[in-house]
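Asker: So that we are looking at the same thing, I have put the structure below in structure tokens.
The values are calculated or read from the model by the stated rules, or taken from the named source; none is laboratory data. A quick note: this is a predicted structure, and the numbers were derived from the prediction, not measured. Because the Cβ atoms are built from the backbone with ideal geometry, glycine has one as well, and the counts that use them run over all protein chains shown.
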Protein chains: 2
Amino acid sequence: TELPRPYPNEIPHNEKLLSLKYESLDYDNSENQLFLEEERRINHAAFRTVEIKRWVICAMIGILTGLVACFIDIVVENLAGLKYRVVKDNIDKFTEKGGLSFSLLLWATLNAGVVMVGSVIVAFIEPVAAGSGIPQIKCYLNGVKIPHVVRLKTLVIKVCGVILSVVGGLAVGKEGPMIHSGAVIAAGISQGRSTSLKRDFKIFEYFRRDTEKRDFVSAGAAAGVSAAFGAPVGGVLFSLEEGASFWNQFLTWRIFFASMISTFTLNSVLSVYHGNAWDLSSPGLINFGRFDSEVCHRFFCWGSGILGALFNALNYWLTMFRIRYIHRPCLQVIEAMLVAAVTAAVGFVMIYCSRDCQPIQGSSVAYPLQLFCADGEYNSMATAFFNTPEKSVVNLFHDPPGSYNPMTLGMFTLMYFFLACWTYGLTVSAGVFIPSLLIGAAWGRLFGISLSYLTKGSIWADPGKYALMGAAAQLGGIVRMTLSLTVIMMEATGNVTYGFPIMLVLMTAKIVGDYFVEGLYDMHIQLQSVPFLHWEAPVTSHSLTAREVMSTPVTCLRRIERVGTVVDILSDTSSNHNGFPVVESNPNTTQVGLGLSAYPMLLLKDFRDAYPRFPPIQSIHVSQDERECMIDLSEFMNPSPYTVPQEASLPRVFKLFRALGLRHLVVVNNHNEVVGMVTRKDLARYRLGKEGLEELSLAQT
Amino acid sequence: TELPRPYPNEIPHNEKLLSLKYESLDYDNSENQLFLEEERRINHAAFRTVEIKRWVICAMIGILTGLVACFIDIVVENLAGLKYRVVKDNIDKFTEKGGLSFSLLLWATLNAGVVMVGSVIVAFIEPVAAGSGIPQIKCYLNGVKIPHVVRLKTLVIKVCGVILSVVGGLAVGKEGPMIHSGAVIAAGISQGRSTSLKRDFKIFEYFRRDTEKRDFVSAGAAAGVSAAFGAPVGGVLFSLEEGASFWNQFLTWRIFFASMISTFTLNSVLSVYHGNAWDLSSPGLINFGRFDSEVCHRFFCWGSGILGALFNALNYWLTMFRIRYIHRPCLQVIEAMLVAAVTAAVGFVMIYCSRDCQPIQGSSVAYPLQLFCADGEYNSMATAFFNTPEKSVVNLFHDPPGSYNPMTLGMFTLMYFFLACWTYGLTVSAGVFIPSLLIGAAWGRLFGISLSYLTKGSIWADPGKYALMGAAAQLGGIVRMTLSLTVIMMEATGNVTYGFPIMLVLMTAKIVGDYFVEGLYDMHIQLQSVPFLHWEAPVTSHSLTAREVMSTPVTCLRRIERVGTVVDILSDTSSNHNGFPVVESNPNTTQVGLGLSAYPMLLLKDFRDAYPRFPPIQSIHVSQDERECMIDLSEFMNPSPYTVPQEASLPRVFKLFRALGLRHLVVVNNHNEVVGMVTRKDLARYRLGKEGLEELSLAQT
């Protein structure tokens, strides 16, 4: 059969409710005729209003993200303080009169109880709030839509969940979830409405399209990073690394603006809360404190890369196990409780067995446990376990040399490594940054001490510096975000001079780690078979052409089409693409003059009001008479879609997709006839494996 | 006449030597068939080698840029020290016995002499080395090629020139030229040869194409920023702001790597030179020193925006005057000498008239001039004038409150403002960053002192903080690079907390300044009528379509073409584009079987060896017989060029151009027939003026 003579166009596809989990963002819906006509009408003044609104939204995103971070910080601090005081009093009581097993029981029960609540709300109310949310945000910014990921309900569950996880004493941090929280805040504010609350404030309607929403979500993610680590520039780079396709200067400025405001809000509020309003010393949820000189050893970086890879490999098997066996919410809650109880038990046993006593004088321990130490001394192992992980990290960085016994550190590293590995992937809302930093800091400090021992003091440096490098290396080995992570660490240490060694450490950790296994986030994304587009096409894919990659045959529509045909095409779930080229009617075919349907016109407003949840075609009843009517698709199509000749190489197609943020690309032959369609899935399928180019199997989009 | 039936393709255009100054980079030459075939053959291992080479080159760029910065710093420090000691001794001698006019004469002569040498080498040997080089690098990264801009000779003249300008006491800085220097170093290393030295090291031949070279040049520019201000992240953002079209993660990592190495090299070498090897306290050519708290006043930002705009407006008229009247090199040298002498004279008179004496005890003045002060005191005006501008800036930031008299500061600001304005645009190699910072720091400090006076001390803060904000604001008002400048200033102050006020100050300065006149660099670029592409199409251009923007008619070639036709087309200087679509021969036309010419095949190597100076067509002799031969253009064309339908809107075309770094875009009709060609010039023509869309007249490309 002859191919329809083209004029390829796309209509905004109806988002079919597929049985599968992932949908792709339709970047192109903002390029249909209705939107274009509005843009054509827009004048300079109206444009300026839109631009000002964008800045206002970014400021609001920054402020709200900062406030949410403050809320989490303050609540965690108070609740965790309460818990540790209760347990400490109990331990102190039972240390003298014996029966410390009651203390263990109390501690484990408290932990398990708190974690149970945190796990129940995640597992039963909003499962997408599990974990740090970073893989989900990476996917969203990449252009893959995950249902519910930017809903208000998710934010509430996320915030409560992370508070409960941290208070429950799990080996988790509250930093990762801030990125997700910032993204949700951004999505909510920019759309001026909330689906969860069923409220529409009728503002910011101009931004109800995928491209705009996505830009704001990147600003939100950046604001989240900024609030978490006091790293506004790191936040911008994180967003760019994960989300940017086409670098837009104004967008980047706005992202930076949101980040700055976020860290500034957090800083101001926390300074006021802590009673020294003009001090401004808490730019982030975790503050590393000041460092002054530097040190780095190559051996070190190698080690951390391997440890990071080991962490990821263990977590990979664990995740596979979980996907296979622990998929019922009840089981997930029970596992979370188990981990919480085990964490408490391990901590208790380690503290109990430790004989490492340190003088309490001059140390800055928050909850010093005396246990079996002499009066005026405290149990050093307890400072590491009996504390929120953030505090432990900072202690490892800044405690004076000699505060920790190598044995203590070694045992702690080992135990915490397995606990953190087991914890990541539980159905609780929690981040992996802080546990990674803590493991790294512990073994970095251990390394520093050992080096000094082994060389009999001839190579000696402040073990806190080693702890910092170890923390950077371990985190890099686990998450592998080189550039943004370097900048985040640089900003968190507040010292540019550290940038160079941190960069070297992170690069080495990445290279070594990549040799064994992927980064933690990428691994989790790939386990879900998401059609995730990387930065560049695989290097050896130059010999593949669009013809080989494209989906074919393509279902095309005509400009004036029978309603029944449109309905049938949209209802056909077996179709391999959701955007349909509109082709020019063949001039030889006589148009049967059925006349256009007299339906009320769809307006731009209708699209905006329905966005992003367009009604599925199944919910629209079309009568047999209506099916015979003709519909003019001109209004709903993109009048000048991007096309590519069928000889174009895969890297070229890939670049076009990435640079322009496409979702569909029409492949044409020399006569401009539609021969195929390249979708995100077609491109995401190819990746470079050990043996050369591999084809993955992906979830349907 | 019927349009040729298409299959639009481009051949690498022959770079015609136009009479005009600017050429555009041909991004696309790396996409012709020869290059594509090489890429298709490349395997994984070969790709890895190329990738490693890229990193090695970036490391070399970083090291060399750092070393050049060290060289400039050390030479300037020694020569300027020598000069100031000579003049100081002379002044000290004549203060007692009268006849200070001799000192003035000595000072003015020394300055004028040194500047004369600096100006002569620029004016007569390499005029493109004049100024800071930032507008030139902005153009280069934007895709406009300026002859000689990345030659080794330019680097040598630039480095010598900047040393002589600074030593000659002009109101200039050595920071801006570092960016240009880094870019030249990058271009040289990445090509593995130097045209100026006529040496080809036969390495890195893979990188002899525009896209690759341009990527390395952005790394070089970033390394330059990094060395100048100790701001590696700021450097990366500068490069991205100015150059990036498509954000590439690996490229950004490499740019960051080069930046980091550059500042680290500078830091290490300078630390060793200053005798405290492990101190690492000089990450940049200018180091602001540590700041601890913060302050900002809105009034302040407004003022600086207006002052910045005034600076630019004055400089605009001055530049127009210079373009019209001072175009002969001799005149340029004389003007430079005049400015040098006047700078010395103004400084001398100001010092002479000043009665502002400060106790020498506890101050850190390098060359304290006693003049008419009591013993143990020094002339405070002299610290500002009798010093390199970098030192003066840091003094204004950090000198304790009360070091400067408001009158001194006021006079200094006023005088320096005009001097700096007169100086920028002279035919010497020099930067505008430091003078801007100095003006801002002076009036910022003045503002701080006045505020304290006026409110009788109730609003009081360290005037050094005001000086910092004033410096940021003034610089922002003059150059208007918001994001990268904020990060540069943040890194230079070494305190994240300052980020927020600096950002507010810079944004206000930009908004206010933009209301009056463009940024200094943009102004200079526009005065040269360069076809510079901004980030986005003008907002009100949605109603323009490709059809209205494109150049037409288009000269097309056939796949098998008569040599004579090709030669004629290439020689035709009246053609409005330099890339020619290759169209499919109309199947109805019978191919006259003249046979293909038996010329030796052109190989990829030939392109690389000639790059970037391909021989002009006029230099190639083609005999009458040869003209009748046929040539197959398949090898030299891009087999799948980007095209756009004629209905596409200008913003859409613009986005495609920017995101993909195009130089030519073929416009086709619905039948895929070539109807026009959009070039960079066609797009750069449109800009948003006060009255709506305007068309500019541009230099021919």
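Asker: Tell me, yes or no, whether region B:380-388 has at least one residue that is within 29 Å of B:PRO329 (Cβ to Cβ) and under 27 Å from the mean Cα position of the chain (by Cα).
Answerer: yes
Asker: Can you confirm whether region B:189-202 contains a residue that is under 15 Å from the mean Cα position of the chain (by Cα), at negative phi, crowded, with 21+ Cβ neighbours inside 10 Å and part of a helix (DSSP H, G or I)?
Answerer: Of region B:189-202, the ones under 15 Å from the mean Cα position of the chain (by Cα) are none.
Looking for residues that are under 15 Å from the mean Cα position of the chain (by Cα), at negative phi, crowded, with 21+ Cβ neighbours inside 10 Å and part of a helix (DSSP H, G or I), one finds none in region B:189-202, hence no.
Asker: Being at pLDDT 85 or above, within 13 Å of chain B (Cβ to nearest Cβ) and surrounded by fewer than 24 Cβ atoms within 10 Å (Cβ to Cβ) narrows it down to one of A:SER262, A:SER268, so name that one.
Answerer: That would be A:SER268, the only listed residue that is at pLDDT 85 or above, within 13 Å of chain B (Cβ to nearest Cβ) and surrounded by fewer than 24 Cβ atoms within 10 Å (Cβ to Cβ).
Asker: Do you know which of the residues in region A:506-556 that are in a loop (DSSP other than H, G, I, E, B), touching a strand residue (DSSP E or B) at 6+ places or on another chain (Cβ under 6 Å) and closer than 30 Å to B:PHE257 by Cα is farthest from the other protein chains (Cβ to nearest Cβ)?
Answerer: A:PRO538
Asker: Additional query: Is it the case that A:ILE449 is over 27 Å from B:THR263 (Cβ atoms), touching a Phe, Trp or Tyr at 6+ places or on another chain (Cβ under 8 Å) and either not hydroxyl-bearing (Ser, Thr, Tyr) or not in a helix (DSSP H, G or I) (or both)?
Answerer: Yes.
Asker: Which of the residues spanning region A:370-393 are surrounded by fewer than 24 Cβ atoms within 10 Å (Cβ to Cβ) and either touching a His at 6+ places or on another chain (Cβ under 7 Å) or more than 18 Å from A:ALA420 (Cα to Cα) (or both)?
Answerer: Selection gives A:GLN370, A:LEU371, A:PHE372, A:CYS373, A:ALA374, A:ASP375, A:GLY376, A:GLU377, A:TYR378.
Asker: Only residues that are under 16 Å from A:TYR424 (Cβ atoms) and surrounded by fewer than 14 Cβ atoms within 10 Å (Cβ to Cβ): list them for region A:320-360, please.
Answerer: Selection gives A:MET320, A:PHE321, A:ILE323.
Asker: Check whether at least one residue in region B:175-187 is over 25 Å from B:ASP522 (Cβ atoms) and assigned by the TED database to the domain that holds B:ALA219, and report yes or no.
Answerer: Within region B:175-187, one or more residues are over 25 Å from B:ASP522 (Cβ atoms) and assigned by the TED database to the domain that holds B:ALA219.
Asker: Here's something else I'd like to know. Please go through region A:90-129 and give me each residue that is farther than 29 Å from A:VAL349 by Cα and either modelled with pLDDT under 85 or surrounded by 16 or more Cβ atoms within 10 Å (Cβ to Cβ) (or both), ordered by number.
Answerer: Scanning region A:90-129 gives A:ILE121, A:VAL122, A:ALA123, A:GLU126, A:VAL128, A:ALA129.
Asker: Just the residues that are within 14 Å of chain B (Cβ to nearest Cβ) and either at pLDDT below 80 or part of a loop (DSSP other than H, G, I, E, B) (or both), please, taken from region A:557-589.
Answerer: A:ARG559, A:GLU584, A:SER585, A:ASN586, A:PRO587
Asker: Which of the residues belonging to region A:78-107 are in contact (Cβ under 8 Å) with a residue 24 or more places away in the chain and over 17 Å from A:LEU369 (Cα atoms)?
Answerer: Across region A:78-107, the qualifying residue is only A:LEU79.
Asker: Additional query: Checking B:ILE146 against (1) at negative phi; (2) in contact with a helix residue (DSSP H, G or I) (Cβ under 7 Å, 6 or more places away or on another chain); (3) crowded, with 20+ Cβ neighbours inside 10 Å, which test does it fail?
Answerer: (3)
Asker: From (1) free of Cβ contacts under 8 Å to residues at least 40 places away in the same chain; (2) at the interface with chain B (Cβ under 10 Å from one of its Cβ atoms); (3) not in a helix (DSSP H, G or I), pick out the condition that doesn't hold for A:MET503.
Answerer: For A:MET503, the failing item is (3).
Asker: Quick test for you: out of B:PHE71, B:PHE47, pick the one residue that is modelled with pLDDT under 85 and assigned to a helix (DSSP H, G or I).
Answerer: Sole residue among the options that is modelled with pLDDT under 85 and assigned to a helix (DSSP H, G or I): B:PHE47.
Asker: Show me the helices (runs of 4 or more DSSP H) found entirely inside region B:613-686 where at least 1 residues are surrounded by 15 or more Cβ atoms within 10 Å (Cβ to Cβ) and within 14 Å of chain A (Cβ to nearest Cβ).
Answerer: Where helices (runs of 4 or more DSSP H) fall fully within region B:613-686 and carry at least 1 residues being surrounded by 15 or more Cβ atoms within 10 Å (Cβ to Cβ) and within 14 Å of chain A (Cβ to nearest Cβ), they are B:650-660.
Asker: Let me ask another. Going residue by residue through region B:477-492, is there one that turns out to be within 24 Å of A:GLY234 (Cα to Cα), within 17 Å of the chain's Cα centre (by Cα) and within 7 Å of chain A (Cβ to nearest Cβ)?
Answerer: Yes, region B:477-492 contains a residue that is within 24 Å of A:GLY234 (Cα to Cα), within 17 Å of the chain's Cα centre (by Cα) and within 7 Å of chain A (Cβ to nearest Cβ).
Asker: Based on this model, can you work out whether A:SER282 counts as of a type in the set (S, T, N, Q), at negative phi and out of contact with any His (no Cβ under 8 Å at 6 or more places or on another chain)?
Answerer: no
Asker: Please enumerate the residues belonging to region B:452-471 that are more than 14 Å from every other protein chain (Cβ to nearest Cβ) and in a helix (DSSP H, G or I).
Answerer: Correct list: B:SER452, B:TYR453, B:LEU454, B:PRO463, B:GLY464, B:TYR466, B:ALA467, B:LEU468, B:MET469, B:GLY470, B:ALA471.
Asker: How about region B:203-252: which of its residues are over 20 Å from the mean Cα position of the chain (by Cα) and more than 8 Å from chain A (Cβ to nearest Cβ)?
Answerer: Residues satisfying the conditions are B:ILE203, B:PHE204, B:GLU205, B:TYR206, B:PHE207, B:ARG208, B:ARG209.
Asker: Answer yes if at least one residue in region B:224-232 is surrounded by fewer than 20 Cβ atoms within 10 Å (Cβ to Cβ) and in contact with a helix residue (DSSP H, G or I) (Cβ under 7 Å, 6 or more places away or on another chain), and no otherwise.
Answerer: no
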